[in-house]
Each structure stands twice: as C-alpha cells, then as structure tokens.
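No lab work stands behind these numbers, since they all come straight from the coordinates. As the structure is a computational prediction, the values presented were derived from the model and not from experiment. Methodologically, a virtual Cβ is constructed for each residue, glycine included, from the backbone with ideal geometry; neighbour enumeration extends over all protein chains shown.
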Amino acid sequence: MKLVDTHCHIDLYPDFARVIEDTERAGVATIAVTNAPSVFQRCVALAQGRKFLRVAVGLHPELVGTRHRELPLLEDLLGETRYVGEVGLDYVTRDPTERTRQRQVFATILDRCASYGDKVLTIHSRRAADEVVAMLGADFPGTAILHWFSGSAKTLDKAVAQGCFFSINPAMFESAGGRRIIAALPRGRILTETDGPFVAVAGRPAQPGDVGRVIAGLAQSWAMEREAVAELIWSTFVRALTSERRGQHDHAGTE
Ligand code: MN
C-alpha cells in the first residue's frame, strides 16, 4: 500500500532519527511541516538523502506573536520548497491584536504562495475555519489542505466548493465532531495525516506509519477494503499535487 502523511512534525520527536528511519522503512510519503522559518534548514538536513520526506516551510499561527519577524525569511525560503506549513490561523487567543497579526502574516503567505501557483499548503484553522476559508477564496492558485478541520458544516461546504483538500488524523475518529466531519467530506478530497507527535495513538506519539489507522477507520465506515481506501487516498494525493489551478476543481460536489 502507498501511504501518505501530509502533516507531521518530524523535527519535534525526541527520537526523530528513529522516526525518520521507521518512516523510510514503511515507505510513507510524508510532508514534514515546520513551525518556524528558522528551523527549516535544520529539518532539511534531517531529511537529506531520504526518499519519502518533503520538508515544508511554515510559521505556526500560535508562534506568530513571537516569531512574526521571521516572515521575510519564510518568503525567501519559498524558493526552496514547494510545500508550505504549518500556516494558518488559531483563534484560541481572544486578543484582537494577536488575531490581526495572524491574519496579516497568513495573508502575506497566501499572497506570496499565489505568485508561484503550485504551492501545497497544509493549513491550521482552529476556531478560525470561516476566516481561513474566506481568506483562501475561490481562486487561490495552489493546493490548500485543511489540516484537522473542525469548522461548521456550512464552512466545510464552502471549502469543498473552493477546491480544498482535508487531511484527517487518528484523533478525529475519537470525537463525535471529528466523525461528523469525516462523514461529511467528499471521499475524493480526503488525505491522511498524523500531526505527530501531537496526536497520540496507543499511549505514544503518532508517527507517519500510523496513517494506517486512519485508513482502517475509513475502511470500516465506508465498508471498503483497506487496500481500496489506500489507493483512493493515494490517487487523491497525486491529484492534489498535480491540480495547480482552482478551475480544475470545479466538479468538487460530484466526487
Ligand atoms: Mn500540526
């Protein structure tokens, strides 16, 4: 089975060398997201010579308050990778100044990514799904993957209409809200992630091979064989990497 983890913080495991070895051995295509531009090069060094790791440049919304001065560095690094994340908005903070700064940073990132046209973004939207989807808009030239989406049904529909993809993780199967979202998603827009090491499975941090648990969960709810689910997810991933223009997503509702 070809497996994909579109959102894993490979640099944040205490034993990252072992996790990288495991990921290579399992052959899981993994987008290694980073939380600040200043750690990108270090993560690239970790991924050196690895077949299955792709390093993304990111600026996590919860770090925007302390790291926003790294935004110009992120803009420079966009020339070195096609993958961007973790970026987005996090409205757990109620501080209007902080929220405004997050929006400014995210707007700049979207604008710079749009100028390339083929970037693949893995996007955080906790308590801010409406705003994130509105900022992406219908014409964003690139691939937007909403990671661990938890917005309303209405926002979900809008994101689907705009051509977004959705990466789901093992933790989402454990809440009623997460299961409702998974059930509402078009099957052709679903990707797998672990968000390791932040998501735990079996009392330990999830790592890329644990996307098998997401495949198993989907196989059960769709009454399909795991292999068929894995094939569908892989073909969705390939499509996410090759459909560079929003216009190609017009048939969203029928997938
Ligand atoms: Mn994350």
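Nothing charged except the Cβ atoms of Lys and Arg (+1) and of Asp and Glu (-1): what's the magnitude of the dipole of the chain about its Cα centre? Round to the nearest 20 debye.
220 debye
Near residue 199, within a Cβ-to-Cβ distance under 12 Å, what is the net charge of the other residues, with Lys and Arg +1 and Asp and Glu -1?
Details: positive: 204, 213; negative: 5, 174, 193, 195, 210.
Charge balance near residue 199 sits at -3.
Once Lys and Arg get +1 and Asp and Glu get -1 on their Cβ, which of 35, 23, 45 lies farthest toward the positive end of the dipole of region 1-74?
Farthest towards the positive end: 45.
How about region 22-83: which trypsin sites (Lys or Arg not before Pro) there are in a DSSP loop, with at most 13 other Cβ atoms within 10 Å of their Cβ?
Values: sites: 25, 42, 50, 51, 54, 67, 69, 82; in loops: 50, 51, 82.
Here the trypsin sites (Lys or Arg not before Pro) that fit, given the DSSP loop and packing criteria, are 51.
Relative to the Cα centre, what is the charge dipole magnitude of region 1-145, using +1 at the beta carbon of each Lys and Arg, -1 at the beta carbon of each Asp and Glu, and rounding to the nearest 20 debye? Mind showing how you got there, number by number?
On the way: 18 positive and 20 negative charges, 24 e Å.
Dipole of region 1-145, to the nearest 20 debye: 120 debye.
Would you list 75, 62, 225, 193 from fewest to most Cβ contacts within 10 Å?
Ascending Cβ contact count within 10 Å gives the list 225, 75, 62, 193.
How much of the DSSP bridge set in the chain is antiparallel, in percent, rounded to the nearest 5?
For the chain, the DSSP antiparallel bridge percentage is about 10.
Would you mind calculating the relative contact order of the chain from Cα pairs under 8 angstrom and at least 6 residues apart, reporting the percent as a whole number? Don't skip to the answer; put the middle values down first.
Working: 503 pairs, mean separation 52.1, N = 255.
Contact order relative to length: 20 percent.
So for 86, 70, fewest C-beta neighbours within 10 Å to most, what's the order?
In order of increasing Cβ crowding within 10 Å: 70, 86.
Under the classification rounded if a/c is under 1.5, otherwise prolate if a/b is larger than b/c and oblate if not, where does the chain fall, given a ≥ b ≥ c as square roots of the Cα gyration tensor eigenvalues?
rounded
With label points built 7 Å along Cα→Cβ from the Cα atoms of residue 139 and residue 104, find their separation and express it in nm.
2.6 nm
If the cut-off is a Cα-Cα distance under 13 Å, which aspartates and glutamates reach residue 51, setting aside same-chain residues fewer than 8 apart in sequence?
Of all the aspartates and glutamates, those that pass the test against residue 51 - Cα under 13 Å, at least 8 places apart if same chain - are 21, 22, 24.
Can you compute the helix-only [θ] at 222 nm over the chain? Use -39500 (n - 2.57) per DSSP H run of at least 4 residues, normalise by all residues, nearest 500 deg cm²/dmol.
After summing the helix terms and dividing by the residues of the chain, the value is -12500 deg cm²/dmol.
Which order do 164, 8 fall in if you start with the one that has the fewest other Cβ atoms within 10 Å?
Sorted ascending by nearby Cβ count, the order is 164, 8.
Summing Lys, Arg as +1 and Asp, Glu as -1, what charge do residues with Cβ under 11 Å from the Cβ of residue 16 carry, residue 16 excluded?
Local net charge: -2.
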